[in-house]
Ligand SMILES: *Cc1c(COP(=O)(O)O)cnc(C)c1O
């Protein structure tokens, strides 16, 4: 039996007519740059995130880069983020002209460790960017007071976590609601994926919103007049049309991912050699990835591949050890939790359309590998 890590064709079969209707409408209009679909989609994502503004941009990477650029960072300024995340989190800091400063993650959820954040703040710290990794939120109610105390903005990397929420003081808080700005990605493999690249910034800060809106169109809201140097980073109207059709399904898809995750966690309980993912009890996880920690991870991955099961390692090398950041001077051992995770993590298929038979095959293959 074949079980891919992600089956986008299955999703497409189920919603083809709705998406193609939106795309057809756009094609008939021939209005491909910004326009109504982008405005409509921005309004819906702002509502979902309980934020005042949403600005569609070209990618999740730019959804982190542009709010950082809006902070007018200078050489030597520091932005604190985590080493166990997709490269873009730190790449955006570098490309915004600042220096990424890494702090270790918590061993259960891989979220930024609040104590480590506190210890890493210096007079040069200009922002903090925690990552809502794999679909669950970082503990913002612990990270935000630290940032506030030092007068530093907090930018949420919510590329993997649109629609995730967290209970804070008895009330649900959405990803994108509490931070000073938040970046989403609509890369096809995210829970809400387009037909190509796309991203969005949400913020309730009017100033950041205005700057990002300007930066995405070469720094000038009035065509051919430029207040500053920006870039071309608009959300493609075609992507907005696709995403508008998909957005009404997002909650059900994330619920299906949660149900699949719960089934794995029950079925893999007691398999010595596997640690199933830990959800912070305050979080509602959306499982962009279901990531186990496994003894003999690489051999398990090869075994699963031979059994037709697709898996992936997110992420095999922590960011502080990447060759491009060698000049930052970090050594192996600097972030033991992140480094240990890179050797043990393995993402299993958890996409919403995964069948129970497929899931049973994955579980049997894992049990077979460990001989129980
Ligand atoms: C996907 C992702 C990004 C970047 O998004 P793109 O749309 O691929 O540019 C940034 N941060 C994290 C954590 C991601 O998973």
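Each part gets one Cα centre, and for the range 219-263 versus the range 43-85 those centres are 13 Å apart.
Taking the average, over residues, of other Cβ atoms within 10 Å as the packing measure, peptides 357-368, 269-280 rank 357-368, 269-280 from highest down. When 197, 298, 236, 157 are sorted by how many other C-beta atoms sit within 10 angstrom of their C-beta, beginning with the fewest, the order is 298, 197, 236, 157.
Over what distance in Å are the Cα centres of the range 316-340 and the range 92-139 separated? That distance is 14 Å. With both labels modelled 7 Å from their Cα along Cα-to-Cβ, the residue 20 to residue 332 distance reads 5.3 nm. GNM on the chain, alpha-carbon springs under 10 angstrom: the most fluctuating residue among 262, 326, 294 is 326. Modelled spin labels at residue 344 and residue 322, positioned 7 Å past Cα toward Cβ, are 2.4 nm from each other.
Entry note, the chain: the mean residue ellipticity at 222 nm calculated from DSSP H runs of n ≥ 4, each adding -39500 (n - 2.57), is -12000 deg cm²/dmol after division by the residues and rounding to the nearest 500. Look at the alpha carbon pairs under 8 Å that are at least 6 residues apart: their mean separation over the length of the range 249-370 gives a relative contact order of 36 percent.
Would you mind classifying the range 165-227 by shape? Square roots of the alpha carbon gyration tensor eigenvalues, ordered a ≥ b ≥ c; an a/c under 1.5 is rounded, otherwise it is prolate if a/b is larger than b/c and oblate if not. Verdict is oblate for the range 165-227. Counting other Cβ atoms within 10 Å as a rough exposure proxy, the listed residues 229, 101, 201, 93 run 229, 101, 93, 201 from fewest neighbours to most.
What shape does the chain take by its C-alpha gyration tensor, where a ≥ b ≥ c are the square roots of the eigenvalues and a/c under 1.5 counts as rounded, a/b above b/c as prolate, and the rest as oblate? Because a/c hits 1.5 or more and a/b fails to exceed b/c, the chain counts as oblate.
Mind checking the log10 I(q)/I(0) for the range 249-370 at q = 0.13, 0.23 Å⁻¹? Debye, one equal scatterer per Cα, no solvent, two decimals. The calculated log intensity ratios at q = 0.13, 0.23 Å⁻¹ are -0.58, -1.33. The length gained by stretching the chain between residue 356 and residue 222 to full extension, at 0.36 nm per residue less their Cα-Cα distance, is 42.9 nm. Under 1.5 on a/c is rounded, so check that first for the range 86-133, then, if it is not, pick prolate when a/b is larger than b/c and oblate when it is not; a ≥ b ≥ c are the square roots of the alpha carbon gyration tensor eigenvalues. The shape class here is oblate.
A short reminder: the numbers here are calculations on the coordinates, not readings from a lab. The model shown is predicted, which means the values in this text are computed figures rather than measured ones. Virtual Cβ from ideal backbone geometry, glycine too; neighbours counted across all protein chains shown.
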